[in-house]
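Written below as structure tokens is the structure these notes are about.
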Amino acid sequence: MAGTAPRGFVWVLVEYRGRWPVNGFEGLDLDAATKTAVFSAAQAARARILLVKRPGRRRRGGHDHWAVLRRETSGTVRQQWGTWDREEDLTQIVTALETPGDLGGPSILLVCAHGHHDPCCAVRGRPVARALAERWPDQVWECSHVGGDRFAANVVVVPDGVYYGGLDAASSVLTIEEHFFDRIHHHHLRGYTDMSPPQQAALAATLRRFGPAGRSDYTVAESVREGDLWRIRLAGRAPHPERVDVELRAHRTPPCRLTCRGAPTASVMVYEPTSVRTL
């Protein structure tokens, strides 16, 4: 699971209470000019567009929401929120992607429940969304495909940029509770979205060896690749080790079925730690 978080710094959320197409926002039957404008602006900002809705029964009436959430390379997080009633209102997202946004704001918990994309996400994701919403009702949204259906239930914490997988109702509450205390564990961690896959795997191995750490307690100091071998050096903030060297071997898995709907012939790259040591 470690090393599978898609890279990203910007997320666009669009509340949509109707049926989600298999390809999410791109498949919505919206005004063509509006959809093109939003999609183009998101591509320019390298943002990921996700459809969202609140867990539980579909609410009726009221505004739908949109948001632009970003994590800067410095670690600063920003958010912009708005509402929409008419399709053309979504062009506000274009402006939001071009402006910095407000500093801070509460973390948002996105639980993949995109059953039309892969049934596993709905079957495993919805109970997790309900459990999390009981604790943090204002911060939890079901969302469309986030990648890694084989790890359902998946939770993405934004704009923190942290992916968790393999969760159920009980483990999701414990995992997020620890996350909010800035104690990130390796058990369900898929990775940080500002790191490459081998760097994510190196971080997970470090947390497994030395215990949980805060979101910004480890940074990547060096990455070296020699064929299938990687050496990642992490710089730690006290009380964690000052420097950690992690060696990994990259290899592809044997053919297997990766998703409920996938063919049984797919293969993925994994990064297996072979050495974790302090300097």
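The values are calculated or read from the model by the stated rules, or taken from the named source; none is laboratory data. Here the structure is a predicted model, which means the values were calculated and not measured. Glycine gets a Cβ as well: all are built from the backbone with ideal geometry, and neighbour counts include every protein chain shown. Heavy atoms of the whole protein, side chains included, go into the accessibility calculation; ligands, DNA and RNA do not. Shrake-Rupley method; radii C 1.70, N 1.55, O 1.52, S 1.80 Å.
Hey, what does the equivalent ellipsoid look like for region 80-201, semi-axes from the Cα gyration tensor as sqrt of 5 times each eigenvalue, largest first, whole Å?
24, 18, 15
Could you calculate the FRET efficiency of TRP136 with ARG243 from 1/(1 + (r/R0)^6), where r is the beta carbon distance between them and R0 is 30 Å, rounded to 0.05?
Working: r = 36 Å, r/R0 = 1.18.
My answer for the efficiency is 0.25.
First measure r as the distance between the Cβ atoms of GLU15 and ARG257, then evaluate 1/(1 + (r/R0)^6) with R0 = 25 Å and state the FRET efficiency to the nearest 0.05.
For R0 = 25 Å, the calculated efficiency reads 0.15.
Return the sequence-ordered ³J(HN,Hα) values of region 187-202 in whole Hz as given by the Karplus equation 6.51 cos²θ - 1.76 cosθ + 1.60 applied to θ = phi - 60°, using x for Gly and Pro.
These are the phi-based 3J(HN,Hα) values: 3, 10, 6, 8, x, 9, 6, 9, 10, 6, x, x, 5, 4, 5, 5 Hz.
In debye, nearest 20, what is the charge dipole magnitude of the chain about its Cα centre with +1 on Lys and Arg Cβ and -1 on Asp and Glu Cβ, if you could check?
Values: 36 positive and 31 negative charges, 146 e Å.
Taking the Cα centre of the chain as origin, the dipole is about 700 debye.
Once Lys and Arg get +1 and Asp and Glu get -1 on their Cβ, which of GLY62, VAL38, PHE25 lies farthest toward the positive end of the dipole of region 15-66?
Positive-most Cα among the choices belongs to GLY62.
Take the solvent-accessible surface of the protein heavy atoms, probe 1.4 Å, and return the percent of it on region 1-83 that carbon and sulfur atoms account for.
On the way: 2070 of 4330 Å².
Using a 1.4 Å probe with all protein chains present, region 1-83 comes out at 48 percent carbon and sulfur.
So for region 74-170, taking the charge dipole from beta-carbon charges (+1 Lys/Arg, -1 Asp/Glu), which of VAL156, GLY166, ALA122 sits furthest toward the positive end?
GLY166
Roughly how far apart, in whole Å, are the Cα centres of region 40-85 and region 203-239?
Using only Cα atoms, the two centres lie 30 Å from each other.
What fraction of the Cα pairs in region 1-135, stated in percent, has a spacing above 23 angstrom? Let's see the in-between values first.
Numbers: 3247 of 9045 pairs.
Above the 23 Å cut-off, region 1-135 has 36 percent of its Cα pairs.
If you roll a 1.4 Å probe over region 98-164 with all protein chains in place, what percent of the accessible area is carbon or sulfur? List each step's numbers first, then the result.
Details: 1160 of 2320 Å².
The nonpolar share, carbon plus sulfur, comes to 50 percent.
For a quick check: with amide H placed at 1.01 Å from N, whose amide H comes under 5 Å from ARG48's, ignoring anything fewer than 5 positions away on the same chain?
VAL10, TRP11, VAL12
If you line up the long axis of helix 119-135 against the longest principal axis of the chain, both from Cα atoms, how many degrees apart are they, to the nearest 10?
Tilt relative to the chain: about 90 degrees.
Grab the DSSP H runs of the chain that are 4 residues or longer, score each as -39,500 (n - 2.57), total them, divide by all residues and round the 222 nm result to the nearest 500 deg cm²/dmol.
Working: 5 runs with 62 residues, N = 279.
Taken over the chain, the calculation gives -7000 deg cm²/dmol.
Explain nothing, just compute: Karplus ³J(HN,Hα) = 6.51 cos²θ - 1.76 cosθ + 1.60, θ = phi - 60°, for every residue of region 240-246 in order, whole Hz, x for Gly and Pro.
Once θ is set to phi - 60°, the couplings for region 240-246 become 7, x, 5, 9, 10, 9, 10 Hz.
Which entry in [x] 58, 43, 36; [y] 99, 42, 35; [z] 70, 67, 30 matches Cα extents along the principal axes in Å derived from the coordinates of this structure?
[x]
Keeping all protein chains in place, calculate the accessible area per residue for the chain (probe 1.4 angstrom), answer in Å².
Details: 13210 Å² over 279 residues.
Ligands and nucleic acids excluded, the figure is 47 Å² per residue.
Rounded to a whole number, what % of the accessible area of region 201-262 do carbon and sulfur atoms account for, probe 1.4 Å? Each step should come with its number before you reach the end.
Working: 1620 of 3400 Å².
About 48 percent, which is the carbon plus sulfur part of the accessible surface.
May I ask you to evaluate 6.51 cos²θ - 1.76 cosθ + 1.60, the Karplus curve with θ = phi - 60°, for each residue of region 143-156 and list the ³J(HN,Hα) values in order in whole Hz, giving x for glycine and proline?
Values per residue, Gly and Pro as x: 9, 7, 3, 10, x, x, 4, 5, 9, 4, 8, 9, 10, 10 Hz.
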